[in-house]
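Reviewing the structure listed below.
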């Protein structure tokens, strides 16, 4: 085993250890994670929320026992693989041992630690962006057609994980056309590779077509409720923060792509990052959508610096570039991760607020960062729902209906009573089991909307009551109410069918 291999293994092991240490055990899983895990029980070629790859991974997690260990392991693995691809990219770019260590350090001590903290499509998305850029570099370096087919397969897999990878292509194509590398368009095998990629994503495209393209509705809702609050200047500021310790390495990469002769054939990467960022800014995208851009530029920068810092006074700068990511990681460690109790954050909000971490998707400041608040109260909700469900008459004919996917997913993940909670929200609208003739209803209702629940629902049942609520005041689901309605006077299933039709009709608009 070579020295380089030993160092690489050390970085990867440290990456895994950090990912497990950065979350305090008092936090639950995050809202989105519950939905993604539940998709394992409803395998399909597409979902209202994400493409199908997440469900495949969730199914593997389910086979492994569905424990928190494996849920944390998967995004950590994708982060470790991202580090590995950057390492391999640096080697292709002729970087020495210093370049490899610098690149690995920049990737390790970055915002990827936070991205790789949660089981969401984002970690795999960053990995796919990084790997696709690596394939482009390999093709430019070798001109071997096999890389075109590898790139097509990789892009298709990335597309089936998160549609965000389309922006990679949108930014890359004009850069490719303007560069000397446009000769690739005369390569016949490119078009065979494109056909291969299209065949691989075709099942998902057909799913979108058969379901009236829910991605269009999803993007409209996202634009109206979340992206409208995105500040373009804030987007640019956050780009710097994502890899703040590696900022000068990325700047070095951009300089090298313009003026460093050994990188002349890779000059299209300079234009590509500009085009991609311009598109993101124009569309008012969330800042983290662009994170997949930067790992490859860290590879370019590390390889370039390893060559120009060899002699003279410049060699004294070598440790500086290594130390900077470590120094910037220290405040990030204390602020960016749920490794502090909610009470601590509430009592020390100044730095969190200064970094904009208390600002939620609604554009307002709250007590905790949104991701942290979304990791509290779920076990409590599931435990109380289980207790209520166990006391119900005819449990097999009891419907647990939630306001949102987080509530339904959390109850289904933690339940000890075999509950299959559903919601008219997100993918759950397609997961109702109407083969059961329901007689009772457990209604999970968020605090803001619960005032009229008795008035609206009680007339259709013989009895009704409030059976509990979420009491964790730091949870985003604080004061979520558990209602119980028994012995229906009407056909519940018919009402459910009408609600589903109405929701799906709304989604088509």
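The values are calculated or read from the model by the stated rules, or taken from the named source; none is laboratory data. A quick note: this is a predicted structure, and the numbers were derived from the prediction, not measured. We place every Cβ from the backbone using ideal geometry, glycine too, and count neighbours over all the protein chains shown.
Some notes on this structure:
- Of all residues in region 355-379, those satisfying the criterion of being free of Cβ contacts under 8 Å to residues at least 60 places away in the same chain and surrounded by 13 or more Cβ atoms within 10 Å (Cβ to Cβ) are 357, 358, 359, 360, 365, 366, 369.
- Hey, residue 473 part of a strand (DSSP E or B) and free of Cβ contacts under 8 Å to residues at least 40 places away in the same chain or not: no
- Scanning region 380-408 for residues that are over 22 Å from residue 427 (Cβ atoms), touching a residue at least 60 places away in the same chain (Cβ under 8 Å) and surrounded by 15 or more Cβ atoms within 10 Å (Cβ to Cβ) returns 380, 384, 388, 392.
- Checking each residue in region 476-494 for being part of a loop (DSSP other than H, G, I, E, B), more than 30 Å from residue 344 (Cβ to Cβ) and in contact with a helix residue (DSSP H, G or I) (Cβ under 7 Å, 6 or more places away or on another chain) picks out 489, 490.
- Residue within region 203-216 that is at pLDDT 95 or above, within 20 Å of the chain's Cα centre (by Cα), in a helix (DSSP H, G or I) and under 24 Å from residue 156 (Cα atoms) present: yes
- Filtering 260, 352 for residues that are without any contact (Cβ under 8 Å) to a residue 40 or more places away in the chain and surrounded by 17 or more Cβ atoms within 10 Å (Cβ to Cβ) leaves a single hit, 352.
- Tallying residues that are in a loop (DSSP other than H, G, I, E, B) and closer than 20 Å to residue 162 by Cα within region 4-59 yields 12.
- Odd one out for residue 144 among (1) without any contact (Cβ under 8 Å) to a residue 40 or more places away in the chain; (2) in a helix (DSSP H, G or I): (2)
- Selection within region 63-79 - surrounded by 24 or more Cβ atoms within 10 Å (Cβ to Cβ) and either touching a strand residue (DSSP E or B) at 6+ places or on another chain (Cβ under 9 Å) or touching a residue at least 60 places away in the same chain (Cβ under 8 Å) (or both): 79
- Scanning region 1-30 for residues that are farther than 21 Å from residue 414 by Cα and within 25 Å of the chain's Cα centre (by Cα) yields 11, 12, 13, 14, 15, 16, 17, 18, 19, 21, 22.
- Exclusive hit being in contact with a strand residue (DSSP E or B) (Cβ under 7 Å, 6 or more places away or on another chain), farther than 15 Å from residue 400 by Cβ, modelled with pLDDT of 90 or more and assigned by TED's automatic domain parsing to the domain that holds residue 421, set 463, 458: 463
- Flag if residue 233 is out of contact with any helix residue (DSSP H, G or I) (no Cβ under 8 Å at 6 or more places or on another chain), within 20 Å of residue 332 (Cα to Cα) and part of a helix (DSSP H, G or I): no
- Filter result for residue 276 (more than 30 Å from residue 475 (Cβ to Cβ) and loosely packed, with under 15 Cβ neighbours inside 10 Å): no
- Some residue of region 300-312 being at pLDDT below 85, surrounded by fewer than 23 Cβ atoms within 10 Å (Cβ to Cβ) and either part of a helix (DSSP H, G or I) or under 23 Å from the mean Cα position of the chain (by Cα) (or both): yes
- Residue 119 being under 25 Å from residue 286 (Cα atoms), touching a helix residue (DSSP H, G or I) at 6+ places or on another chain (Cβ under 7 Å), assigned to a loop (DSSP other than H, G, I, E, B) and in the same structural domain as residue 287 (by TED's automatic domain parsing): yes
- Filter pass, residue 246 being in a helix (DSSP H, G or I), touching a helix residue (DSSP H, G or I) at 6+ places or on another chain (Cβ under 6 Å) and over 30 Å from residue 363 (Cα atoms): no
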